[in-house]
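Below is one structure, written out as structure tokens; the observations come after it.
The values are calculated or read from the model by the stated rules, or taken from the named source; none is laboratory data. Source: prediction; values computed, not measured. Quick reminder, even Gly has a Cβ in these numbers, built from the backbone with ideal geometry, and neighbours come from all protein chains shown. Accessible surface areas use protein heavy atoms only, side chains included; no ligands, DNA or RNA. Shrake-Rupley method; radii C 1.70, N 1.55, O 1.52, S 1.80 Å.
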Amino acid sequence: MNAVVEAQGLTKRYGDHAAVDSISLTVRRGEVYGFLGPNGAGKTTTLRMLLGLITPSAGRASVLGERPGSAAALGRTGSLIEGPTFYPYLSGRDNLRVLATYAKVRDSRIDEVLELVALSARGPDKFTTYSLGMKQRLGVAAALLKDPELVILDEPTNGLDPAGMRDMRRLVRELATGGRTVVLSSHLMSEVQQICDRVGVIDHGRMLTESTVQDLRGGGELIVAATPSDTARDRLTGMPEVEQVRMDEGVLRVRVDERHTADITRALVTAGVAVTEVRRDTRQLEDVFFEMTGQSTDTAKELDHV
């Protein structure tokens, strides 16, 4: 494993309030890592600590093998935290030129990043004429000026319409190529599900889980339609690989590792049971989230539309 970001016991307290409470996480090279949680969960505070913008109260972290906020780490990191801020009456290109001069980046890189975020045609236009989606993309362009190994994006689709969200999702996936790593903070579970390889789920400042999207969604049950159902249930209950079997609306719900799906089918057929359906009941990330946090479905849907 080639870790780009590592944190252990990272904590930030403001008085008696723990905005981030002993978070540990690992981000691997070349992946899109989703930081998933509701507004106020501690996502932005964590990212600020990783960038060296605020000092942790406890714990430790490393970014690209360096101390967070060090020149060595920041020189290889691009970020967009809490929305882009630019000079309103300068053009998009001139805003990037100001940043490029400060970062000692060659001018030709400006055109490269404008093309990467599909803003080449609007580069000469003033920032005030940009739509919200264009402003977000210019913010990503600014984060890419140094051609960083690590890109940290905090809620990059916040406030965008469906078309803007689609374009931003496509851009994020394109960034995670050639060894580049992306950390994406979001409260939109559908967004994280579509573009992230692994996720860390946080709530009230605490990390609830860290896993691949596939493993989280595949944690559901196997649905088996078989006749006679009583015989099928008895046969599956006796298998050591099976954690639980229950009848639900005429089908069996079997909690078992996905690797044993073929074993389930084989055992039933051998027992003389007629099997008409075997499928994995894959959950959505929002289902996983409110199962872990105890939130209602309605609350999860509200989060996805904030």
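Every residue, every condition in (1) in contact (Cβ under 8 Å) with a residue 24 or more places away in the chain; (2) touching a strand residue (DSSP E or B) at 6+ places or on another chain (Cβ under 9 Å); (3) part of a loop (DSSP other than H, G, I, E, B); (4) open to solvent by less than 40 Å² (accessible area, probe 1.4 Å), yes or no:
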site	(1), (2), (3), (4)
128	yes, no, no, no
135	yes, no, no, no
138	yes, no, no, yes
142	yes, yes, no, yes
148	yes, yes, yes, yes
151	yes, yes, no, yes
157	yes, yes, yes, yes
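Among the residues of the stretch 99-112, those identified as of a type in the set (Val, Ile, Thr) and at pLDDT below 95 are 101, 105.
Number of residues in the stretch 104-122 that are surrounded by fewer than 14 Cβ atoms within 10 Å (Cβ to Cβ) and either of a type outside the set (A, V, I, L, M, F, W, C) or farther than 23 Å from residue 165 by Cα (or both): the value is 6. If we keep just the residues of the stretch 170-205 that are over 14 Å from residue 152 (Cα atoms) and hydroxyl-bearing (Ser, Thr, Tyr), which is modelled with the highest pLDDT? That would be 190.
Remark: residue 121 falls outside the filter, which requires a residue to be in a helix (DSSP H, G or I), on the phi < 0 side of the Ramachandran plot and among the small types (Gly, Ala, Ser).
Within the stretch 262-306, the set of residues being open to solvent by less than 70 Å² (accessible area, probe 1.4 Å), of a type in the set (Val, Ile, Thr), modelled with pLDDT of 70 or more and not in a loop (DSSP other than H, G, I, E, B) comprises 264, 265, 275, 278, 288.
Matching residues to (1) within 18 Å of residue 33 (Cα to Cα); (2) touching a residue at least 40 places away in the same chain (Cβ under 8 Å); (3) polar (S, T, N, Q):
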position: 132; (1), (2), (3): no, no, no
position: 165; (1), (2), (3): yes, no, no
position: 170; (1), (2), (3): yes, no, no
position: 173; (1), (2), (3): yes, yes, no
position: 176; (1), (2), (3): yes, yes, no
position: 181; (1), (2), (3): yes, yes, yes
position: 184; (1), (2), (3): yes, yes, no
position: 193; (1), (2), (3): yes, yes, yes
position: 201; (1), (2), (3): yes, yes, no
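Residues in the stretch 56-76 that are over 23 Å from residue 30 (Cβ atoms) and touching a residue at least 12 places away in the same chain (Cβ under 8 Å): how many? Number satisfying all stated conditions: 6. Evaluation of residue 163 against the conditions (1) at pLDDT 85 or above; (2) surrounded by fewer than 17 Cβ atoms within 10 Å (Cβ to Cβ); (3) of a type in the set (A, V, I, L, M, F, W, C) shows that the sole unmet condition is (1).
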